[in-house]
1. Output the residues belonging to region 333-347 that are buried (at least 20 other Cβ atoms within 10 Å of the Cβ), on the phi < 0 side of the Ramachandran plot and either of a type outside the set (A, V, I, L, M) or touching a His at 6+ places or on another chain (Cβ under 8 Å) (or both).
2. Consider residue 376 carefully, then state whether it is part of a strand (DSSP E or B) and either modelled with pLDDT under 90 or charged (D, E, K, R) (or both).
3. Tally time: how many residues in region 212-240 are within 20 Å of residue 186 (Cα to Cα), touching a Leu at 6+ places or on another chain (Cβ under 8 Å) and outside any loop (DSSP other than H, G, I, E, B)?
4. Part of a helix (DSSP H, G or I) and either of a type outside the set (A, V, I, L, M) or exposed (fewer than 11 other Cβ atoms within 10 Å of the Cβ) (or both), is that true of residue 198?
5. Quick one: would you say residue 58 is among the acidic types (Asp, Glu), under 51 Å from the mean Cα position of the chain (by Cα) and modelled with pLDDT of 65 or more?
6. Quick test of your reading of the structure: residue 323 fulfils all but one of (1) outside any helix (DSSP H, G or I); (2) more than 30 Å from the chain's Cα centre (by Cα); (3) modelled with pLDDT of 90 or more. Name the failing condition by number.
7. Please determine, by comparing only the residues of region 240-267 that are hydrophobic (A, V, I, L, M, F, W, C) and exposed (fewer than 14 other Cβ atoms within 10 Å of the Cβ), which one is farthest from residue 157 (Cα to Cα).
8. Filter region 306-330 down to the residues that are closer than 15 Å to residue 273 by Cα and in contact (Cβ under 8 Å) with a residue 24 or more places away in the chain, then identify the one that is most open to solvent (accessible area, probe 1.4 Å).
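The values are calculated or read from the model by the stated rules, or taken from the named source; none is laboratory data. Every value quoted in this text rests on a predicted model; they were computed, and no experiment measured them. Here the Cβ positions follow ideal geometry from the backbone for every residue, glycine too, while neighbour counts run over all protein chains shown. Ligands, DNA and RNA are excluded from the accessible area calculation, which covers all protein heavy atoms including side chains. Shrake-Rupley method; radii C 1.70, N 1.55, O 1.52, S 1.80 Å.
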Amino acid sequence: MSIIIDRRLNAKKKSTVNRQRFLRRYKGLVKEAVQDAVDQRSITDVDSGSDISIPRKDVSEPVFHHGRGGRVEQVHPGNKEFTTGDRFQRPQGGGGQGSGEGEASNSGSGEDDFIFSINREEFLEYLFEDLELPNLVRKELKDSTDFKLKRAGYTTAGSPDRLNVVRSLKAAHARRIALSGKERKEIRALKRQLREMEVSPERNDEVLRKELKDQIAALNKKLKRLPFIDEFDLKFNNLVKVPQPSSKAVMFCIMDVSGSMTREIKDIAKRFFLLLYLFLERNYEKIEVVFIRHHSEARECNEHDFFYARETGGTVVSSALTLTDEIVTERYSPDEWNIYVAQASDGDNWEADSAKCRNIIVDKLLPLTQYYSYVEITDRHHQNLWHEYKAIEKNHEGHFAMQQIRHAGEIYPVFRKLFEKKEGQNA
């Protein structure tokens with residue numbers, strides 16, 4: 001078996017093959033660095049590339065060797081400074097480890113941690129690895145733009161690249177047999193008559209014999225004038241476009257911006273939805289995102305207003321859920337769309353409204369949606385909305401999921417829990 005090694009260099013004389021091999025080897029460390037970058041970056045910079053630092057001790061290949069310490073006897077060549085029997089002092093302090101964490105020393109040597117950069121595509125690849133939209137299914141063929149070429153017999157016209165040689169030769173052979181049947185029958189009869197004359201004990205009529213041979217030659221000459229293959233014989237493979245089922249999906253992002261949502265909580269909610277937006281944008285071509293902000297009133301807005309608008313007010317979560325149901329009914333038929341909802345809130349809601357929210361989700365939204373995810377952002381005890389939603393999660397496992405985020409460091413782990421790839425689900 002031949003093994004081909006691609007040694008072509010990419011930009012800046014870096015090998016992509018070696019780069020990918022290195023990334024696979026230190027995959028775990030890269031993932032930890034990606035999570036740290038998500039936790040520490042600003043919202044506008046969360047999707048750019050990153051510098052990955054790998055500790056010096058993890059870069060080298062593992063080998064068996066004598067450890068440091070103990071009593072070691074070594075033989076060194078003499079010089080003008082030392083003579084036989086002199087003793088050396090052990091290195092003191094940090095020992096030149098190079099990480100900047102040890103104490104200063106006037107001796108010893110070491111190496112810095114290995115630092116390399118990954119670009120935006122590599123960063124997003126590790127960020128959203130093994131994630132997917134749950135329960136995604138293929139919908140109706142209406143308005144589908146995906147087509148697949150499928151064989152549909154043969155035609156007598158087409159481009160040369162679709163010429164079917166075998167079918168064309170079979171058609172030519174059949175045509176030649178059909179058009180030459182009468183002449184071949186006459187030739188067989190004349191040959192039979194000529195043979196009988198040749199084997200007859202009586203004297204042959206040379207004139208008749210010559211006439212028979214001339215007739216046979218004339219008929220053979222006529223047969224040779226038939227073309228071996230005619231334009232009529234050409235057959236072409238017929239390929240037709242068959243529409244493919246579409247995997248269109250729409251994601252409703254519902255964010256609570258009421259007065260109880262502090263600036264820190266809103267920042268966490270925005271980071272969560274930004275991760276979700278990047279995940280959808282990178283992994284799905286036919287995805288629409290509907291942004292809904294709500295306090296006591298809900299409104300559909302564009303991406304900029306969703307992340308940067310500043311209006312606030314009381315808290316009536318059901319207003320956002322009702323608006324979501326109205327938009328689904330008006331624009332997104334469940335027969336054509338995979339419908340998803342992601343809601344983020346601090347859980348604080350008008351007391352009488354939480355039960356109404358539960359009814360709207362159970363009776364109206366869950367029958368239409370593929371997956372509903374709820375994130376409560378608070379470091380306090382759970383709010384009333386959490387307890388109402390908990391009953392929904394118990395009765396709709398796999399279609400309703402909820403998680404709590406206490407601080408910014410839990411955004412990415414919670415995001416992975418909500419959208420991690422599960423075995424046995426449709427891709």
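1. Narrowing region 333-347 to residues buried (at least 20 other Cβ atoms within 10 Å of the Cβ): 337-347.
Remaining after also requiring on the phi < 0 side of the Ramachandran plot: 337-346.
Listed by number, the residues that qualify are 337, 338, 340, 343, 345, 346.
2. On the way: part of a strand (DSSP E or B): yes; either modelled with pLDDT under 90 or charged (D, E, K, R) (or both): yes.
Yes; evaluated as a whole, the condition is true for this residue.
3. 5
4. Considered against the rule, which asks whether it is part of a helix (DSSP H, G or I) and either of a type outside the set (A, V, I, L, M) or exposed (fewer than 11 other Cβ atoms within 10 Å of the Cβ) (or both), residue 198 comes out as yes.
5. Spelling it out, it is not the case that residue 58 is among the acidic types (Asp, Glu), under 51 Å from the mean Cα position of the chain (by Cα) and modelled with pLDDT of 65 or more.
6. Status for residue 323: all satisfied but (1).
7. 242
8. 309
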